[in-house]
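Q: I am attaching a structure below and will ask some questions about it afterwards.
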Amino acid sequence: MRQESTTTENVKGRAIALLPIAVFLVIFLGAGIITKDFYAMPAIVGFLIALFVAFLQNRKLSFGEKLKVIAGGAGEENIITMSLIFLCAGGFSGAVTAAGGVESTVNFGLSILPARVAIVGLFVIGCFISISMGTSMGTIAALAPIAVEISKQTGFALAICIGAVVCGAMFGDNLSMISDTTIAAVKTQGCEMKDKFKANFLIVLPAAVITILIFWGITRNVQLEVTSTMDYNLWKVLPYILVLVGALLGINVFLVLIGGTVVSLIVGVATGSIALPEIFTVVGSGVTSMYDITVISIIVACIVSLVKEYGGIQFILNLIKSRIRGKRGGELGIALLALFVDLCTANNTVAIVMAGPIAKEISDEFEITPKRSASLLDIFTSVGQGMIPYGAQLLSAASLTGLTPFHIMPYLFYPMLMAASGVLFIFLRKQN
């Protein structure tokens, strides 16, 4: 009986181990293309089929041993933390929405901002919230309802509005000093967090500025048509302000979201928006709205753990590493490594943890500074995570707005520009 899972360093890379991921993509994308409805195949069903395929592979392991492997994957710290953030964010969203915070925040914002900058405002606010809280998921959960209301009030397409939210969310996910991705990148590459932040910020700043200009350009001629009075209550806006300030002060994301939920309930009861007996119901409704994405994250972790055990991830790592030539080639290798592992894992933190040791070997061999390798790891996993239709960010944004990930993808300007900026950084910046 095997005592523990074999690490990727000791596993021979096997392309066939990637079959479960390929099966999911074929089923999920195929069903959507054939039926022209990407909800025809629920993502959770596609992932369960992929998990079943993974269990059928590798007869050298018994069923019980495979269960131990997926239990370890599902119980990994980052997966549990992410799942709890989903639930806390859902609770906050449910409470603040029931308290009338969404409507008041939107009306307050629209009353002081011209319509032509409403979408730019969504992106900028998303940047601040995500860089403060260190979580793209929490940012999307908090701002998606506001994006829906802005779409209704202004006439902007909902896909553009939620696209701005996702773009802002990925800005902070990549840069925040309390983000799991930042912590993982810094730890695996052995550099100081402040050095990584400076290097990372210089790369993504041009992408953020251009994103602002694009959103302003495509929405500047749309006029606000007020169909109702812009009534708002600043007390109902307070939970969002407290969450933003708390995040800016570096308070733990769980405390921020739980505190925001409590304040939302107090404001809701005090203003008469929430009846006292309903306080648990509104929080529960918000939490249950995140069940699907939470379960999907756990199932994906199970699939990835088996794919990794069978050598699928190692196959990708070996493929990239064998084709590296020179320092720029090494940096491109790290970028591609980060991107492809994220495409397979659908979790940028997990991708960094898995790819980090190989990236460290590459950086040591080709004399790439740790801050650069850490920046590239974080940037290109965020590029993948911000654009893949089966990633938690787009699935969450879609489920909260009634869209499909493919409606949102054309407006994900920031991840696209972040990729372009990262590549230009590799080729044009002086090597050191």
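Q: Which aspartates and glutamates have a Cα lying under 12 Å from the Cα of Lys12, excluding residues fewer than 8 positions away in the same chain?
A: In chain and number order, the partners are Glu309.
Q: Please list 3J(HN,Hα) in residue order for region 312-323, calculated via the Karplus relation 6.51 cos²θ - 1.76 cosθ + 1.60 where θ = phi - 60°; whole Hz, with x for glycine and proline.
A: x, 5, 5, 4, 5, 4, 5, 4, 6, 5, 6, 10
Q: Tell me, what is the Rg over Rh of the chain, with Rh the Kirkwood radius over Cα pairs?
A: Answer for the chain: 0.98.
Q: Taking R0 as 30 Å, what FRET efficiency do you get between Lys187 and Glu65 from their Cβ-Cβ distance, rounded to the nearest 0.05?
A: Once the sixth-power term is evaluated, E becomes 0.55.
Q: Additional query: In nm, give the distance between the simple-model label positions of Val117 and Ile218, each being 7 Å from the Cα along the Cα-to-Cβ direction.
A: Here the answer is 2.1 nm between the modelled labels.
Q: Another question, then. If I stretch the segment between Leu29 and Thr288 completely, what's the gain in nm (0.36 nm per residue apart, minus their alpha carbon distance), one decimal?
A: Once the chain is fully extended between Leu29 and Thr288, it gains 90.6 nm.
Q: State the extension gain, in nm to one decimal, for the chain segment bounded by Asp364 and Phe128, taking 0.36 nm per residue of separation less the distance between their alpha-carbons.
A: 81.5 nm
Q: Take the residue pairs Lys187/Lys308; Lys68/Lys308; Lys60/Lys321 and return only those whose Cα atoms are more than 18 Å apart.
A: Lys187/Lys308; Lys60/Lys321
Q: If you fit an axis through the alpha-carbon atoms of helix 63-74 and take the longest principal axis of the Cα set of the chain, what angle between them do you get, 0 to 90°, nearest 10?
A: Compared with the principal axis, the helix lies near 50 degrees.
Q: For the chain, set up a GNM with springs between Cα atoms under 10 Å and report which of Gly138, Gly326, Gly90 has the largest fluctuation.
A: Ranking Gly138, Gly326, Gly90 by mean-square fluctuation puts Gly326 first.
Q: Roughly what angle does helix 291-310 make with the longest principal axis of the chain, taking Cα atoms, 0 to 90 degrees, to the nearest 10?
A: 10
Q: Of the accessible area of the chain, with the probe set at 1.4 angstrom, what percent is carbon plus sulfur?
A: In the chain, the share of accessible area belonging to carbon and sulfur is 68 percent.
Q: Could you rank the peptides 251-260, 410-419 by their average count of other C-beta atoms within 10 Å per residue, with the highest value first?
A: Order by mean packing, descending: 410-419, 251-260.
Q: For a quick protection proxy, order the peptides 52-62, 280-290 by their average other-Cβ count within 10 Å, most packed first.
A: So the order, starting with the most tightly packed, is 280-290, 52-62.
Q: Report, ordered by chain and residue number, the lysines lying within cross-link reach of Lys236, taken as a straight Cα distance under 18 Å and ignoring same-chain residues fewer than 8 apart.
A: Hits, sequence-local ones excluded: zero.
Q: If you count only protein heavy atoms with a 1.4 Å probe, what accessible area per residue comes out for the chain, rounded to a whole Å²?
A: That works out to 42 Å² per residue.
Q: Measure nothing but the geometry: give the 0 to 90° angle between the long axis through the Cα atoms of 413-428 and the longest principal axis through the Cα atoms of the chain, rounded to 10°.
A: Orientation of helix 413-428: about 40 degrees from the principal axis.
The values are calculated or read from the model by the stated rules, or taken from the named source; none is laboratory data. Worth saying up front: this structure is predicted, and the values here are computed from it rather than measured. Here Cβ is always computed from backbone atoms with ideal geometry, including for glycine, and neighbour counts include all displayed protein chains. We work out accessible area using only protein heavy atoms, side chains counted, and drop any ligands, DNA or RNA first. Shrake-Rupley method; radii C 1.70, N 1.55, O 1.52, S 1.80 Å.
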